[in-house]
Amino acid sequence: DLTAEELPTPIVNALLDDDVVKVAFNAQFERVCLSKYLGTTLNPAAWRCTMVWANELGLPASLAQCAKYLGIDEQKDTRGKALINYFSKPCKPTKVNGGRTRNLPEHDTEKWETFIEYCIQDVKTEMAIADRLAKVPVPDSEWAIYAADQEINDRGVAVDLNLAHEA
């Protein structure tokens, strides 16, 4: 919970170390969020995306559906969508919520604790999927293509704004 404590130094060091392979379902999300938090772009070549891995095998791209299809014990927590909507998206300012546009942990500590539990379960689900997929490795050449794709997405696309406005 980064609202309560700093990311421990050994974890920061591992995230910054390209020799440490990081694994996540939809790794781009994790990598980009952590890059923003750390103030540097994390190298996509040091990441393995189990969503991409699952897709490579013709499995669903949804964490919940992939876990369900694989029949793993650690299934996705179904409470997530409402919690993500509450904490991760802007809210409409109302008199009841004091006119705020963001819900923070202190606005509903019980929901926040549930959100933490949800995130922990997601990690358990991701780890169980990674364990199952490890039996069918993706070739290094495919991970090189994945890293190139991520680098292209990180750079974005140059747009001639003057031309766009004139058009």
| said: Largest first and in whole Å, what are the equivalent-ellipsoid semi-axes of the chain based on the Cα gyration tensor, each being the root of 5 times an eigenvalue? | reply: 29, 25, 18
| field | Relative contact order computed over the range 49-167 (Cα-Cα under 8 Å; 6+ residues apart), in percent | value | 26
| query | In square angstrom, rounded to the nearest 10, how much accessible surface does Glu56 have for a 1.4 Å probe? | reply | 90
| Can you list the residues of the range 49-68 with backbone N under 18 Å from a point 7 Å past the Cα of Ala134, pointing along Cα to Cβ? | 49-54, 67
| request: Inverting the mean 1/r over all pairs of different Cα atoms, compute the Kirkwood radius of the range 99-167 and quote it in Å. | output: 17.1
| Can you give the net charge of the other residues whose Cβ lies under 11 Å from the Cβ of Lys76, counting K and R as +1 and D and E as -1? | 0
| query | Using only helices, what value at 222 nm comes out for the chain when you add -39,500 (n - 2.57) per DSSP H run of length 4 or more and divide by the total residues, to the nearest 500 deg cm²/dmol? | reply | -16500 deg cm²/dmol
| How would Lys111, Lys76, Lys22 rank on accessible area, largest to smallest, probe 1.4 Å? | Lys111, Lys76, Lys22
| Amide N proximity, the range 40-64 versus Leu16 label position 7 Å along Cα-to-Cβ, cut-off under 18 Å | 40-47
| Once the Cβ-Cβ distance between Asp149 and Lys36 is put in as r, and R0 is 25 Å, what FRET efficiency do you end up with, to the nearest 0.05? | 0.80
| query | Quick one: Karplus J couplings for the range 106-113, per residue in order, coefficients 6.51, -1.76, 1.60, θ = phi - 60°, nearest Hz, x for Gly and Pro? | reply | 5, 6, 7, 5, 5, 4, 4, 4
| note | Rg from C-alpha atoms of the range 49-92, normalised by the globular rule of thumb 2.2 N^0.38 Å, equals 1.43
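Using only alpha-carbon positions, what ratio does the radius of gyration of the range 18-99 give when scaled by 2.2 N^0.38 Å?
Compactness ratio reported: 1.42.
The values are calculated or read from the model by the stated rules, or taken from the named source; none is laboratory data. Because the structure is a prediction, the values reported are computed rather than measured. In this analysis, Cβ positions are derived from the backbone assuming ideal geometry, glycine residues included, and neighbour counts consider all displayed protein chains. Accessible surface is based on the protein model in full, side chains and every heavy atom, while ligands, DNA and RNA are left aside. Shrake-Rupley method; radii C 1.70, N 1.55, O 1.52, S 1.80 Å.
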